[in-house]
Amino acid sequence: MALDTRSQVQTTLRLTAPLSGYLMPLESVPDPVFAQKMVGDGISVDPISNILRAPCDGEIIQIHPSHHAVTLKTTEGIEILMHVGLDTVELRGEGFSPQVNLGDRVTSGDALLEFDIDYVALHAKSLLTQIIITNTERIAGFVFQQGLVNAGQDIVLELVLAADQSPLAVATGEKVTSEPIIIGNPQGLHARPAAVLVNLAKQYQSQVSLVRGSVRANGKSVVAIMAMQVAHGDSVTLEATGSDAKGAITELTEAVRSGLGEAGAAPAPASIDQSALKAPPPQPKSDDPNIILGVAASSGLTVGNTYRVREQTLVIEEVGESPGKERRKLEDAIAKAALEIESIRAKVHGQGNPGKAAIFAAHQEILDDPELMDIATSAINKGKSANFAWKQTYTTQADQLAQLNNELLAERANDIRDVGMRVLRILTGVEATEIKYPHNTILLAEDLTPSDMANLDRERVVGFCTLAGGATSHVAILARSMGIPAIAGAEPRVLDLADGTPVILDGTKGTLRLNAPADEIERTRTHIANQKAKQAADLKNAFEPAITQDGHPVEIVANIGGLQDAEEAVSLGTEGVGLLRTEFIFMERPQAPTEDEQTGIYRSIAEVLGPDKPMIIRTLDVGGDKPLPYLTMAPEENPFLGERGIRLGFDQPELQRTQLRAILRSASAGKLRVMFPMIGRIEELRMAKAMLEEERQALNLPPVEVGIMIEVPAAAVMAEQFAKEVDFFSVGTNDLTQYTLAMDRGHPKLAPFVDGLHPAVLRLIGHAVKGAGLHDKWVGVCGGIGSDPQAIPLLIGLGVKELSVSVSMIPSIKAQVRSLKLSHCKKLAAQALGLETAAEVRSLVPLPDL
């Protein structure tokens, strides 16, 4: 035992075994962060029990979001971190069940967390559990025990407390702040990177703080940093005050930016414009005072009068009654909210929208989120009212999500606010106000929620325009399913409009027209009426084949995301499915679907189509702009040129193989084909085919047709070579266009120039058709221009045999094909290939008449 000679009066703290098992020195743990005592000093136990118990009396001050680590603070101020296993943060909570909440007072032997010892042993690097004193400056000496110990009975560690327990002096001197740093660590700042940061910070005399928004933590405390729950993609700054502050910030900034030595942590850019990172893309601004611009969220044209939606004002008291009473209030409100959400979900499902009902199933998952409850309960335990604690919790969580540099995830913040407001309304006893809008109302709002949409009176509301949101938000999805024209991300001045202002809303173009003359409004109403008449006529003839006037057949099939889309497509006359986007089956869920689940989904869709209608199943296409929350993907400097599509399938082979087995098992239910995305090299195709063939032989099932997406320019250029290896091509024009033009289709400034009718893109499509034809293979188009009326005659003229289109467009596109002549389409295509710009191509091909 090494004693601190400064100690005059020493107190001993004895820690009992938190787990049964065999003790071993920390230096023997096969992890340098623990072995080198970067987190702190202590002991390790190789467990034979699965319930982690408190080693002494104290307060729970930290529970890691992945539930593998708990920190207890004693009345003497000693912080004891218990970390179950090695690399268990990567299990994301699977196999762990906390038995306490933040702020709980516990006594020695109380259960802190339970874990599945077999699951953790199989999936983690090691079961070795570390008992670490993180603030060792308060310890004068350690007495370590050895051998086999029994949980809650035997002593594992004796701590001789330092006599001087006074707080550290406040540092004075120069204060230096770093530039914003984006956290590149895949699991955020968990114990290992936090320990590295702390050990570096302790080399400096200056006080060091880690700051994220309004939250700050002591940069020399592992527990404080872990308690911040800094996640991958968060933006933080470092602050140092003292004589060596400048040197501290220089070294620590570089260390955090480079990932603190953790594998898979890609360095983020050194200097980032914080507003550009955290704010949505710059909103378009119109030069015309009578035009308000926004994002096209739900297509359609409508005329109506504005009505601004205003939020209810709720009075929130900060201080509550007893913690027990406030916790019961919150639990009761959450239970009532769950019943309300279930009622809405059933209502939407009963209206024939099972896919949209899943949005409210996701709301139920939010209510069940243990982290929200844990954080709110912690605030209640500190004297806050249930109302205040809940509002603070859900608004903070929503704000953090909204600031993620990922549009799809950021837009889910609105779902948290929707659920949070529902619970808060119940807590405050305020009834939801039901407004009876005037007829022909166009709603204006900062934002709307899925609950607002579910209760919308479709007879009175003809459209809406919001400041927030985007085309991928749940509100936009619901608007499209309900056929309501909508604009999101509009200019702020839209909220200055007086109620009752007549406007023309174009959800297709993303514009709101003000002060339109009476004759323009009348022309627009006539245009809308003509559109509806044409839609009715197209629908009446939806089951007629798409054959040009000179006898050339074109197969019109659907792009779908699931069973409901398939059912709707069949009702609208589809001749099959040209693209099943299986990524939707993998999204909006906590873990990947099993082989049996996927088999059931693919089989059910095939049965809806029947034996004669083909279905092309695209294997999982995620990465880039389509991440999965449960799939760890290392940060990439340019995700669109990284592990996307088939490349991720090779990196996660069991995920890919599971899907391939499900497709093969489903094939007997219909005419199934498999298609691989993001193929750019022959070797990739051959590897994918070999994987498919291995699974087919293992299952002893017949082969299925195989195709690839033509979305990488290299695949189009090498079409003749690829055609030897496959049965068909399907052109993904969205990615093919952005890769050909080197422009991100989501870029706020460049997006208007990403046009699939650019002559370069059309030439690549023509080249792919020619290469396929040399080996008697056919080419379809499943990208955006397949549903573009101006593109259809050009694609037919280039030799495309199949158009896979948006479900709602099936009747109109079949009708358009029947109005064309192949001979004229070929002439238009030849002319288009000789033009120089996309604008010239669009001028060449007029929009079809109503």
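The values are calculated or read from the model by the stated rules, or taken from the named source; none is laboratory data. Predicted model, so just to flag it, every value in this text is computed and none were measured. FYI the Cβ positions are ideal-geometry reconstructions off the backbone, even for glycines, and counts take in every protein chain you see. Areas reflect the complete protein model, heavy atoms only, side chains present, ligands, DNA and RNA absent. Shrake-Rupley method; radii C 1.70, N 1.55, O 1.52, S 1.80 Å.
Odds and ends about this structure:
- So Leu339, is it over 18 Å from Ser385 (Cα atoms), modelled with pLDDT of 80 or more and either open to solvent by less than 70 Å² (accessible area, probe 1.4 Å) or in a helix (DSSP H, G or I) (or both): yes
- Qualifying residue in segment 108-120 (condition: touching a helix residue (DSSP H, G or I) at 6+ places or on another chain (Cβ under 9 Å), assigned to a strand (DSSP E or B), modelled with pLDDT of 85 or more and buried (at least 21 other Cβ atoms within 10 Å of the Cβ)): yes
- Of all the criteria given as (1) at pLDDT 70 or above; (2) surrounded by fewer than 24 Cβ atoms within 10 Å (Cβ to Cβ); (3) closer than 26 Å to Met587 by Cβ; (4) of a type outside the set (D, E, K, R), the one not satisfied by Ile477 is (1).
- Out of Leu736, Leu798, Leu757, sole residue that is free of Cβ contacts under 8 Å to residues at least 40 places away in the same chain and either under 25 Å from Ile560 (Cβ atoms) or of a type in the set (A, V, I, L, M, F, W, C) (or both): Leu798
- Number of the condition not met by Val430 [criteria: (1) aliphatic (A, V, I, L, M); (2) surrounded by fewer than 16 Cβ atoms within 10 Å (Cβ to Cβ); (3) part of a helix (DSSP H, G or I); (4) modelled with pLDDT of 75 or more]: (3)
- Inside segment 704-736, residues that are open to solvent by 40 Å² or more (accessible area, probe 1.4 Å) and not in a helix (DSSP H, G or I) make up a count of 5.
- Scanning segment 483-541 for residues that are modelled with pLDDT under 90, more than 20 Å from Val461 (Cα to Cα) and surrounded by 17 or more Cβ atoms within 10 Å (Cβ to Cβ) returns a single hit, Glu491.
- Qualifying residue in segment 748-768 (condition: touching a Ser or Thr at 6+ places or on another chain (Cβ under 6 Å), open to solvent by less than 30 Å² (accessible area, probe 1.4 Å) and in a helix (DSSP H, G or I)): yes
- Residue in segment 778-787 that is surrounded by fewer than 23 Cβ atoms within 10 Å (Cβ to Cβ) and part of a helix (DSSP H, G or I) present: yes
- Scanning segment 37-52 for residues that are in a strand (DSSP E or B) and within 14 Å of His83 (Cβ to Cβ) yields Asp41, Gly42, Ile43, Ser44, Val45, Asp46, Pro47, Leu52.
- Taken over segment 56-80, the criterion of being assigned to a loop (DSSP other than H, G, I, E, B) and buried (at least 17 other Cβ atoms within 10 Å of the Cβ) is satisfied by Cys56, His64, Pro65, Ser66, His67, His68, Thr74, Ile78.
- The residues of segment 325-336 that are closer than 13 Å to Ala376 by Cα and free of Cβ contacts under 8 Å to residues at least 12 places away in the same chain, listed by number, are Arg328, Glu331.
- When segment 639-666 is filtered for residues that are open to solvent by less than 40 Å² (accessible area, probe 1.4 Å) and in a loop (DSSP other than H, G, I, E, B), the ones remaining, listed by number, are Gly642, Arg644, Gly645.
- Residue pairs meeting the criteria (Cβ under 7 Å; at least 6 apart or on separate chains; first within 25 Å of Gln531 (Cβ to Cβ), in segment 828-850; second of a type in the set (Val, Ile, Thr) and part of a loop (DSSP other than H, G, I, E, B)): Leu828/Val845
- Only residues that are over 19 Å from Gly109 (Cα atoms) and charged (D, E, K, R) were counted across segment 24-77, and they come to 4.
- Within segment 593-600, not a single residue is within 21 Å of Val781 (Cα to Cα), surrounded by 16 or more Cβ atoms within 10 Å (Cβ to Cβ) and touching a residue at least 24 places away in the same chain (Cβ under 8 Å).
- Scanning segment 560-600 for residues that are among the polar types (S, T, N, Q) and within 21 Å of Val817 (Cβ to Cβ) gives Ser571, Thr574.
- Conditions (1) closer than 20 Å to Ser604 by Cα; (2) hydrophobic (A, V, I, L, M, F, W, C); (3) in a helix (DSSP H, G or I); number of the one not met by Leu672: (3)
- Selection of first residues in segment 240-260 that are touching a residue at least 60 places away in the same chain (Cβ under 8 Å) and under 7 Å from Ser206 (Cα atoms) and of second residues that are open to solvent by 30 Å² or more (accessible area, probe 1.4 Å) and acidic (Asp, Glu), restricted to Cβ pairs under 6 Å at least 6 apart or on distinct chains, gives the following pairs, ordered by first then second residue: Ala245/Glu174.
- For Pro450: the one exception among (1) modelled with pLDDT of 75 or more; (2) in contact with a helix residue (DSSP H, G or I) (Cβ under 8 Å, 6 or more places away or on another chain); (3) surrounded by 23 or more Cβ atoms within 10 Å (Cβ to Cβ): (1)
- Qualifying residue in segment 510-522 (condition: within 30 Å of Asn414 (Cα to Cα) and either outside any strand (DSSP E or B) or hydroxyl-bearing (Ser, Thr, Tyr) (or both)): yes
- Selection count where residues are open to solvent by 30 Å² or more (accessible area, probe 1.4 Å) and polar (S, T, N, Q), scope segment 30-48: 1
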